[in-house]
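**Q** Quick one: the structure is below, and I'll ask about it shortly.
The values are calculated or read from the model by the stated rules, or taken from the named source; none is laboratory data. Source: prediction; values computed, not measured. Cβ atoms come from the backbone with ideal geometry, glycine included; neighbour counts cover every protein chain shown.
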Amino acid sequence: MTRELGIRIEGIEVFAFHGVLPEEKAQGQEFVFDVEVVPNSDRACDTDTLDDAVDYGAVTEAVVAIATAESVDLIEHLADRIASDLIERFPIERVTVSVHKPHAPIRAAFGDVIVTVTRTA
């Protein structure tokens, strides 16, 4: 029997100062992050111990720390920076990071702007 464990964290809200326009960097805005990781092992399913799991609280803290640390122009760059850091920091084989920019400076009615990056270890 084969199984693949996936962990999804949706709706991580962060106020940060990313964007190309000077007012985006000066005033800041809300960003929302969704992260899905596939751990290197599914051992936690059997052992029921945090030592064998990917700590999703720590993953969330890492996303917030990276998103608020340094301003970037493009959310593509931000998504990739987060994905790369998570691959290095946690025992995961694949990570997908989506960055939502619901208040992007677009001169039309829209629901959301979302950029998604997937990285594999």
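**Q** Restricting attention to region 24-45, and to residues there that are charged (D, E, K, R) and without any contact (Cβ under 8 Å) to a residue 40 or more places away in the chain, which single residue is farthest from Leu86 (Cα to Cα)? I'd like the intermediate steps shown before the answer.
**A** Initially, region 24-45 is screened for residues charged (D, E, K, R), giving 24-25, 30, 34, 36, 42-43.
Adding the requirement that they be without any contact (Cβ under 8 Å) to a residue 40 or more places away in the chain leaves 42-43.
Details: Asp42: 18, Arg43: 19 Å.
Per the stated criteria, the residue is Arg43.
**Q** Could I ask something else about it? State whether the residues of region 48-55 include one that is of a type in the set (Asp, Glu) and at positive phi.
**A** The answer is yes, given that some residue of region 48-55 is of a type in the set (Asp, Glu) and at positive phi.
**Q** Filter region 90-113 down to the residues that are over 14 Å from the mean Cα position of the chain (by Cα) and in a strand (DSSP E or B) and list them by number.
**A** Matches in region 90-113: Glu93 only.
**Q** Here's a follow-up. Inside region 32-54, can you point out the residues that are of a type outside the set (Val, Ile, Thr) and either part of a helix (DSSP H, G or I) or crowded, with 17+ Cβ neighbours inside 10 Å (or both)?
**A** Correct list: Phe33, Asp34, Glu36, Pro39, Ala44, Cys45, Asp46, Leu50, Asp51, Asp52, Ala53.
**Q** A further question follows. Could we say that Ala83 is assigned to a helix (DSSP H, G or I), over 9 Å from the mean Cα position of the chain (by Cα) and within 16 Å of Glu10 (Cα to Cα) here? First the steps, then the outcome.
**A** Details: assigned to a helix (DSSP H, G or I): yes; over 9 Å from the mean Cα position of the chain (by Cα): no; within 16 Å of Glu10 (Cα to Cα): yes.
Here the answer is no, as Ala83 does not meet what is asked.
**Q** Let me ask something else about it. Could you tell me whether Gly57 is surrounded by 13 or more Cβ atoms within 10 Å (Cβ to Cβ) and either under 18 Å from the mean Cα position of the chain (by Cα) or of a type in the set (D, E, K, R) (or both)?
**A** For Gly57, the condition - surrounded by 13 or more Cβ atoms within 10 Å (Cβ to Cβ) and either under 18 Å from the mean Cα position of the chain (by Cα) or of a type in the set (D, E, K, R) (or both) - is not met.
**Q** Looking at Ile9, Ile92, Ile106, which is the one that is among the β-branched types (Val, Ile, Thr) and within 16 Å of Ala121 (Cα to Cα)? Before you say what the answer is, go through the steps one by one.
**A** On the way: Ile9 fails: within 16 Å of Ala121 (Cα to Cα); Ile106 fails: within 16 Å of Ala121 (Cα to Cα).
The unique qualifying residue is Ile92.
A quick yes/no check of all residues on (1) in a helix (DSSP H, G or I); (2) buried (at least 18 other Cβ atoms within 10 Å of the Cβ); (3) under 10 Å from the mean Cα position of the chain (by Cα):
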residue: Val20; (1), (2), (3): no, no, no
residue: Glu30; (1), (2), (3): no, no, no
residue: Val63; (1), (2), (3): yes, yes, yes
residue: Glu76; (1), (2), (3): yes, no, no
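**Q** Right, here's the next one. Between a residue in region 52-66 that is within 14 Å of Glu36 (Cβ to Cβ) and at pLDDT 95 or above and any residue that is outside any helix (DSSP H, G or I) and of a type in the set (Phe, Trp, Tyr), which pairs come within a Cβ distance under 8 Å, given they are 6 or more apart or on different chains?
**A** Every condition considered, the pairs that remain are Val54/Phe90; Val59/Phe90; Val63/Phe33.
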